[in-house]
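No value in this document is a laboratory result; all are computed from the given coordinates. All values derive from a computational prediction rather than experimental measurement. So basically every Cβ, Gly included, is an ideal-geometry build from the backbone, and we count neighbours across all protein chains shown.
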Amino acid sequence: MPFGRSPWDHRRTLSPTERRLYRSTDDRILAGVCGGLAEHLSLDSRAVRIAFAVLVFVGGTGLILYAAFWAVVPQRPDTEGLARPRDRSHRRRPDRSDLIALCVLAGGVVLLVRQTGFWIGDAFVWPVLVAAVGTALIWHQADESQRRRWAASARAPLTERPARVVAARLAGGVVLVAVSVVWLLISQDGLQAATRGLLAVFAAVAGLALITGPWWWRLVRDLNDERRERIRAQEKAELAAHLHDSVLQTLALIQGKASQPREVQRLARAQERELRSWLFGRPQPDGTQTLAGAVEAAAAEVEDMHVTSIDVVAVGDAPLDERLSAVVAAAREAMVNAAKFAGVEQVQVFVEVEGDRVTVFVRDRGVGFDPATVDNDRRGVSESIVGRMARNGGAAVVRSSPGNGTEVELNMTRVTQ
Amino acid sequence: MTADAPRPRVFIVDDHQLFRSGVRAELGDGVDVVGDADEVGAAVELITERRPDVVLVDVHMPDGGGRAVIESVAAVDPDIRFLAISVSDAAEDVISVIRAGARGYVTKTISGPELADAIRRVAEGDAVFSPRLAGFVLDAFAGAEAPVVDPELDQLTNREREVLRLIARGYAYKEIARQLEISVKTVETHVSAVLRKLQLSSRHELTRWAADRRLT
């Protein structure tokens with residue numbers, strides 16, 4: 001579609017000098033912040049990670065910085081097939097040992113710092129760490145859903161994570177954050193004060209929910225409405241594009257050729273056929289052509305060439321093979337003859353597949369002829385129809401008499417596996 | 001047809017003004033057009049009031065289409081006959097108006113004289129099958145998948161099949177009669193029998209089969 005550009009197409013025209021900072025999707029341990037930064041600054045991602053880990057212990061700067069990057073920097077959209085600044089083989093997915101090494105390193109540093117005077121206190125650090133893990137879990141979920149959206153809009157859907165896992169992870173994150181908050185309160189003020197404080201918080205949250213509830217509800221509904229509207233608009237655009245490419249063009253052509261009725265008829269008929277197959281076309285199994293489909297295609301071709309209306313009725317169908325291809329070719333020849341010589345504007349074709357028996361009738365109500373006196377140079381009938389059917393193990397019968405139209409009957413036994 | 005034969009009284013239901021006036025012009029003097037309507041509600045009201053012989057009804061219309069008109073009128077006045085007309089030949093649509101009670105189906109590309117002839121036939125109580133409808137019906141009753149509950153209704157006789165095949169090949173009733181060496185009246189009886197089976201058969205496949213025509 002000409003105006004169906006994906007919103008991500010601009011990346012393809014992005015020059016290497018205007019590289020943007022993204023969070024990495026393939027070189028990441030948590031959210032890809034360090035990997036993305038390393039790529040952007042052309043540094044080793046390990047160095048960046050260690051720097052962040054050290055910064056964590058400078059008043060928690062590393063933690064805050066990491067969270068800020070996570071929130072602000074967008075994740076790299078799916079870049080499969082895009083030219084990358086560095087070769088893909090240099091990238092690697094962080095394996096489990098990397099993660100463990102990093103955890104052990106962080107743990108060691110924590111214990112080390114605990115011995116020094118910089119330690120803020122058990123009562124503060126541990127709850128904060130738990131809260132950080134909970135938050136990371138929840139944010140991680142958001143990243144995944146974003147990636148899925150990209151993948152869905154770009155090409156085949158990613159392997160979907162079951163909704164149950166997503167919900168469990170989300171709940172886990174929320175519980176971790178809640179636990180850390182309670183823990184922090186208890187360790188600071190004692191159980192009773194903490195309970196009182198928590199009750200106050202709950203009351204406040206409940207009140208807030210009551211007050212802003214309707215507004216949230218509307219927000220969600222509006223969002224859904226908007227999405228539905230967008231889908232509808234997209235469908236409409238697609239329909240408009242199709243009508244523009246086909247129907248409007250044909251109507252313009254018809255207006256230009258108003259003085260040539262045959263041409264107008266041909267155009268109208270071709271357009272009708274096209275629109276019909278677009279609206280309720282028979283779904284073709286992948287790649288395999290069928291007898292009915294091939295006869296319809298042949299009829300369309302002959303219609304187009306000879307400005308005759310050919311109506312095809314098919315009962316049953318079968319995949320096309322060598323024998324049936326011969327049937328189609330003979331039927332086509334019969335249609336051409338009817339269109340050329342019968343002098344009528346309507347030809348009726350009937351295709352029937354019943355078990356292994358295939359029958360095709362091509363009939364017109366035109367001038368007809370006497371088969372006994374037909375000239376030898378009318379090779380169409382004898383060679384292309386009767387001869388071809390006989391060569392392929394079938395038979396053709398031509399019934400015609402002057403003034404009573406012509407009917408060609410083709411019979412073939414199908415090879416069934 | 002002879003000049004003194006009574007002209008069938010026809011009512012046209014279609015939501016396209018262009019088509020209604022077009023049909024009036026095409027039909028000419030052969031029939032007596034007693035009115036038209038462009039929506040279901042008004043159509044039902046006028047039809048039950050004017051009681052035409054035949055209602056020419058468009059399959060596709062807002063508020064339920066031709067099917068709704070046929071069902072509403074039949075509930076009040078079962079004697080009025082319907083001929084369905086449509087631009088589409090999606091099998092489900094065609095079968096569903098026939099099953100609602102239409103006595104025939106033609107496409108909008110039909111010529112004026114042919115349409116007048118079809119209307120006359122329906123007015124006389126016969127069924128009108130286009131070649132395509134005959135093809136649909138052969139397909140519908142061909143499958144061995146659907147269980148045969150009532151052989152009287154769920155299967156076609158060999159003779160009925162023969163008649164349908166000839167219709168699908170483009171034969172007129174008179175030509176069919178000559179080919180099979182039977183009377184035109186007998187051909188009409190066969191077609192009416194097929195129509196009755198199409199309307200009453202409980203083969204649940206009937207409306208569904210057409211979408212996924214089997215590949216043998």
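Here's the picture: charge each Lys and Arg Cβ at +1 and each Asp and Glu Cβ at -1 in chain B, and of B:VAL13, B:ALA102, B:LEU138 the one pushed furthest to the positive end of that dipole is B:LEU138. If the chain linking B:ARG196 and B:GLU39 were pulled fully straight, counting 0.36 nm for each residue of separation and taking away their Cα-Cα distance, it would gain 53.7 nm.
A simple count of charges around A:VAL307, restricted to other residues whose Cβ falls under 12 Å of its Cβ and scoring Lys, Arg +1 and Asp, Glu -1, yields 0.
Note on A:GLN255 and A:ARG221: the extension gain reaches 7.5 nm, defined as 0.36 nm multiplied by sequence separation minus the Cα-Cα distance.
For chain B, the relative contact order works out to 17 percent when only alpha carbon pairs closer than 8 Å and six or more residues apart are counted. The alpha carbon gyration tensor of the range B:1-160 gives principal lengths a ≥ b ≥ c with a/c of 1.5 or higher and a/b greater than b/c, which makes the shape prolate. Simple spin-label estimate for B:LEU180 and A:GLU383 gives 4.0 nm between the two label positions (7 Å along the Cα-to-Cβ direction from each Cα).
Within the shell defined by Cβ-Cβ distances under 12 Å, the residues around B:ALA100 carry a net charge of +1, with Lys and Arg each +1 and Asp and Glu each -1.
Here the label points at B:GLU49 and A:ALA193, each 7 Å from Cα along the C-beta direction, are separated by 8.7 nm in the simple model.
Tell me which GluC sites (Glu not before Pro) from the range B:6-53 have a DSSP coil assignment and no more than 16 other beta carbons within 10 Å of their own. Write down the numbers at each step before the final one.
Values: sites: B:GLU26, B:GLU39, B:GLU45, B:GLU49; in loops: B:GLU39.
Answer in residue order: B:GLU39.
To the nearest 10 degrees, how steeply does helix B:131-142 sit against the main Cα axis of chain B, on a 0 to 90 scale? The two axes meet at around 40 degrees. With a cut-off of 14 Å between beta carbons, the residues surrounding B:GLU181 carry a summed charge of +2, where Lys and Arg count +1 and Asp and Glu -1.
Across chain B, the longest piece that holds none of the trypsin sites (Lys or Arg not before Pro) lying in DSSP loops with up to 14 other C-beta atoms within 10 Å covers B:1-207.
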